[in-house]
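S.K.: The structure follows.
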Amino acid sequence: MRPVVTSYQGTPQRVTTQKPSQKRSSSINISRMRKGFSIKPLALGIAAIFLSACGEEKEQATIYTNADECAAANPSMAEQCRTAYQQAVEEAERTAPKYASAQDCETDFGTNQCRVVRNESGSFFMPFMAGYMLSNLLSPRGYYSQPMFTSYSGNSPFRNRWVGSDGYDFGDQRQRNMRVNKEVFKPKPTVAKTMSRGGFGSSVRAKSSWGSSSSKSSWGG
Amino acid sequence: MLRVGIQERQNWRKKAAEFGFSFHTLQGEPYWDESAYYQFTLQQIEQDIEEPTLEIHQLCLAVVDKVVKDEELLQKFQIPHEFWQPIADSWQAKTPSLYSRLDFAYHGKGPAKLYENNADTPTSLYESGFWQWLWLEDQVNAGKLSKQADQFNSLQEKLIHQLSNIADFYGINSLHFACCKDTTEDRGTVQYLQDCASEAGLSSPFVYIEDIGLSECGHFTDLQDHVINSLFKLYPWEFMQREEFATAIIPAQVNWIEPLWKSVLSNKALLPMLWKMFPKHPNLLPSYFEDDLSEASETKLIKKPLFSREGANISLLENGKTIVTGQGPYGEEGFIYQAYAPLPTFGKNHTLIGSWLVNDQAAGISVREDSSPITQDLSRYLPHIIL
């Protein structure tokens, strides 16, 4: 899960108070702008997880392995269960880790745990969706869902764990009900197989080698 | 408009290190210069700079509206054919812009004259939005400047607000940021915008322009193979549209900041177009396309490449003869000509006003000085106050 940092140096330091006719920014979060003495990334990550774990935006969530299981537990919501399942399947296809070979995928997720996905530009391998996490199913404001994966590989730290598309570990696979931070339902970045890099930037190389002595030279203006 | 000497803050270099302002000195020469500041009256700021900024910006948008519908003009602007329709589409869809900077020659009185519009990749943003703001706070707190001193600088506030608007427009909570390698100034500018994005509640992953990848499905990717859905690029459209990945730009379906229609504004062909559409506007300088040069009655003209950065390749012509030539690698796409209107001088310094827009609002100014009449990327940045 991408850590969400709200503040890492205590209360933001606010300077100046608003004057009605002022032509400049009335307040600037100075601590956000400070770079030199900021906490190291590792510590920051831990602090961030701690912060978000202590946040108040907790949701009760349940993991189901398929739509029928969800419908059995929520008979009046069978249709929502199926729609949410389908959404999770599509989300899984978009965000699941992708591998160039079946072997690489099976190393992480276990034998026969991966499927091939083909499109016009080739084929790649991704793990089967092991379940889907649902929250707020009964809420009139709508529910949240996201795909869950698990690993059957003895080498994987995710063996018998529930794992989100981005590798976030939601705990033991036997555990189906949990309280999670709302953040976990935010859309995940699509993961893709990159075929080539370096297709931008050639103008800069050409214009730099033109003979400017400057090692800095902005490409803005 | 005055240039006033002032004692530097004793600790400012230490403070710069603390805040990560690493490009205050470039190639051994000062870039940030707080040995003096410029002082404006509120009337000068509001009547002579802010109002014309808003007005010129609207005129520029009128040019965009005309050019995107006119193939002959798109040709004149040297925009590659395959981008004509996407640029028009991005304009019709009103895809949001983050920021731009109009450069003016302003003498403290009379109409400010537009030099150019840096609409695609303006820099000196951090120095303007944050660092000069902090300088004023410090100098007022130290009793070196009057408590009444203000600054025309709501950049940071407006940037955060507009990043939030852009996120709402596209329904995104993450925005990638990119600039080229080996330029501390550009990296600093982009880091600043990343900080503003964080303040707006967005995640702001970074990737170098040269590291951008192309996925098998035709999306652009960062170094973690995450798809780039939305990208702020401190890299000119006219370069991107001519590079290897150019053909992938449209299929990649990225939410671009600046949007594609900025290709029309960051192009120096804008200047003769403005003059054709709004002749004799007090804030415009007479400007000509190469093939209309016979219409020019001015004896002194500035010759500018259609695409150029920071004063590169700009020449001064007098009665058709080249007097001063700025060096640089630009010019293969052609030139435009603009009536010569010298910058005001304060001592030996030639002073240029950069006037910022965030979205469509005037957001502050930056003041730069150069020992040459053509402002280069090594000119010095000086803070300003309103009093």
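The values are calculated or read from the model by the stated rules, or taken from the named source; none is laboratory data. Bear in mind that the values here come from a model prediction, so they are computed numbers and not experimental data. Neighbour counts are summed over all protein chains in view; Cβ atoms, including those assigned to glycine, are modelled from backbone coordinates with ideal geometry. Quick note on the areas: whole protein, heavy atoms, side chains included, nothing else; ligands and nucleic acids left out. Shrake-Rupley method; radii C 1.70, N 1.55, O 1.52, S 1.80 Å.
S.K.: Quick check on my filter: what residues within the range A:123-153 are exposed (fewer than 14 other Cβ atoms within 10 Å of the Cβ) and either in contact (Cβ under 8 Å) with a residue 24 or more places away in the chain or among the β-branched types (Val, Ile, Thr) (or both)?
M.R.: Hit for the range A:123-153 is A:Leu138, nothing else.
S.K.: Right, something else. (1) closer than 21 Å to A:Glu69 by Cα; (2) in contact with a strand residue (DSSP E or B) (Cβ under 6 Å, 6 or more places away or on another chain); (3) surrounded by 13 or more Cβ atoms within 10 Å (Cβ to Cβ): which one isn't true of A:Asn177, the others all being true?
M.R.: With respect to (1) closer than 21 Å to A:Glu69 by Cα; (2) in contact with a strand residue (DSSP E or B) (Cβ under 6 Å, 6 or more places away or on another chain); (3) surrounded by 13 or more Cβ atoms within 10 Å (Cβ to Cβ), A:Asn177 is out only on (3).
S.K.: When residues of the range B:294-340 are filtered for being under 17 Å from B:Leu265 (Cα atoms) and at pLDDT 80 or above, how many remain?
M.R.: 9
S.K.: Restricting to the range B:124-133, and then to whatever is of a type outside the set (D, E, K, R) and either open to solvent by 10 Å² or more (accessible area, probe 1.4 Å) or under 30 Å from B:Lys268 (Cα atoms) (or both), can you tell me which residue is nearest to the other protein chains (Cβ to nearest Cβ)?
M.R.: Selected residue: B:Phe130.
S.K.: Please determine, by comparing only the residues of the range B:206-216 that are open to solvent by less than 10 Å² (accessible area, probe 1.4 Å) and under 28 Å from the mean Cα position of the chain (by Cα), which one is farthest from the other protein chains (Cβ to nearest Cβ).
M.R.: Per the criteria, the residue is B:Val207.
S.K.: Taking B:Gln85 and the conditions (1) assigned to a helix (DSSP H, G or I); (2) in contact (Cβ under 8 Å) with a residue 60 or more places away in the chain; (3) surrounded by fewer than 16 Cβ atoms within 10 Å (Cβ to Cβ); (4) not aliphatic (A, V, I, L, M), which numbered condition does it fall short on, given that it satisfies the others?
M.R.: It is condition (2) that B:Gln85 fails.
S.K.: Identify, please: which residue in the range B:217-238 is open to solvent by less than 10 Å² (accessible area, probe 1.4 Å) and among the hydrophobic types (A, V, I, L, M, F, W, C) and is, among those, nearest to B:Ile87 (Cα to Cα)?
M.R.: Only one residue tops the list, namely B:Trp237.
S.K.: At negative phi, assigned to a helix (DSSP H, G or I), among the hydroxyl-bearing types (Ser, Thr, Tyr) and open to solvent by less than 10 Å² (accessible area, probe 1.4 Å): which single residue out of B:Thr121, B:Thr53 fits that description?
M.R.: Going through B:Thr121, B:Thr53 in turn, just one is at negative phi, assigned to a helix (DSSP H, G or I), among the hydroxyl-bearing types (Ser, Thr, Tyr) and open to solvent by less than 10 Å² (accessible area, probe 1.4 Å): B:Thr53.
S.K.: Does A:Cys81 fit the bill of being surrounded by 21 or more Cβ atoms within 10 Å (Cβ to Cβ) and more than 21 Å from the chain's Cα centre (by Cα)?
M.R.: Taking the combined requirement at face value, the residue satisfies it.
S.K.: Same structure again: Considering only residues that are within 18 Å of the chain's Cα centre (by Cα) and under 15 Å from A:Val191 (Cα atoms), which ones fall in the range A:100-140?
M.R.: Within the range A:100-140, A:Met126, A:Pro127 qualify.
S.K.: Report yes if B:Gln139 is surrounded by fewer than 24 Cβ atoms within 10 Å (Cβ to Cβ) and not hydroxyl-bearing (Ser, Thr, Tyr), otherwise no.
M.R.: Here the answer is yes, as B:Gln139 does meet what is asked.
S.K.: Any idea which residue in the range B:238-266 is farthest from B:Val67 (Cα to Cα), counting only those that are of a type in the set (S, T, N, Q) and more than 12 Å from every other protein chain (Cβ to nearest Cβ)?
M.R.: B:Asn255
S.K.: I would also like to ask the following. Has the range B:274-288 got at least one residue that is closer than 18 Å to B:Asp103 by Cα, among the aromatic types (Phe, Trp, Tyr) and in a helix (DSSP H, G or I)?
M.R.: For the range B:274-288, residues closer than 18 Å to B:Asp103 by Cα, among the aromatic types (Phe, Trp, Tyr) and in a helix (DSSP H, G or I): present.
S.K.: If you don't mind, another one. Applying the selection to the range B:1-33, what residues are surrounded by 12 or more Cβ atoms within 10 Å (Cβ to Cβ) and among the small types (Gly, Ala, Ser)?
M.R.: B:Ala16, B:Ala17, B:Gly20, B:Ser22
S.K.: Can you pull out every residue in the range B:142-157 that is open to solvent by 40 Å² or more (accessible area, probe 1.4 Å) and either among the polar types (S, T, N, Q) or within 13 Å of chain A (Cβ to nearest Cβ) (or both)?
M.R.: B:Ser146, B:Lys147, B:Gln148, B:Glu157
S.K.: Could we say that B:Ser203 is more than 9 Å from chain A (Cβ to nearest Cβ) and either open to solvent by 10 Å² or more (accessible area, probe 1.4 Å) or touching a residue at least 60 places away in the same chain (Cβ under 8 Å) (or both) here?
M.R.: Numbers: more than 9 Å from chain A (Cβ to nearest Cβ): no; either open to solvent by 10 Å² or more (accessible area, probe 1.4 Å) or touching a residue at least 60 places away in the same chain (Cβ under 8 Å) (or both): yes.
The answer is no for B:Ser203.
S.K.: Scan the range B:350-361 for residues that are open to solvent by less than 10 Å² (accessible area, probe 1.4 Å) and within 14 Å of chain A (Cβ to nearest Cβ) and jot them down.
M.R.: B:Gly354, B:Ser355, B:Trp356, B:Val358
S.K.: Cβ-Cβ below 6 Å, separation at least six or inter-chain, first residue in the range A:67-89 and of a type in the set (Lys, Arg), second open to solvent by less than 70 Å² (accessible area, probe 1.4 Å): which pairs?
M.R.: Listed pairs, sorted by first residue: A:Arg82/A:Ala67.
S.K.: Has the range B:246-264 got any residue that is among the small types (Gly, Ala, Ser), more than 25 Å from B:Asp370 (Cβ to Cβ), touching a helix residue (DSSP H, G or I) at 6+ places or on another chain (Cβ under 7 Å) and part of a strand (DSSP E or B)? Explain how you work it out, then say what you get.
M.R.: Looking only at the range B:246-264, we keep the residues that are among the small types (Gly, Ala, Ser), and these are B:246, B:248, B:252, B:263.
Filter again for more than 25 Å from B:Asp370 (Cβ to Cβ), leaving B:246, B:248, B:252, B:263.
Filter again for touching a helix residue (DSSP H, G or I) at 6+ places or on another chain (Cβ under 7 Å), leaving B:246, B:263.
When the remaining residues are screened for being part of a strand (DSSP E or B), the result is none.
No, the range B:246-264 has no match at all.
S.K.: Does at least one position in the range B:127-146 carry a residue that is at pLDDT 95 or above and closer than 22 Å to B:Pro96 by Cβ?
M.R.: Initial filter on the range B:127-146 (at pLDDT 95 or above): B:127-146.
Subset that is closer than 22 Å to B:Pro96 by Cβ: B:128-129.
Yes, the range B:127-146 contains a residue that is at pLDDT 95 or above and closer than 22 Å to B:Pro96 by Cβ.
S.K.: Now for a different question. How many residues does the range B:158-200 hold that are at the interface with another protein chain (Cβ under 9 Å from one of its Cβ atoms), free of Cβ contacts under 8 Å to residues at least 12 places away in the same chain and in a helix (DSSP H, G or I)?
M.R.: So the count comes out to 2.
S.K.: Still on this structure: Picking from A:Ala92, A:Ala100, which residue would you name as being surrounded by 18 or more Cβ atoms within 10 Å (Cβ to Cβ), within 18 Å of B:His226 (Cβ to Cβ) and touching a residue at least 24 places away in the same chain (Cβ under 8 Å)?
M.R.: Criteria check complete, one pass: A:Ala92.
S.K.: Given the structure, is A:Pro75 under 22 Å from B:His226 (Cβ atoms) and either open to solvent by 50 Å² or more (accessible area, probe 1.4 Å) or not β-branched (Val, Ile, Thr) (or both)?
M.R.: no
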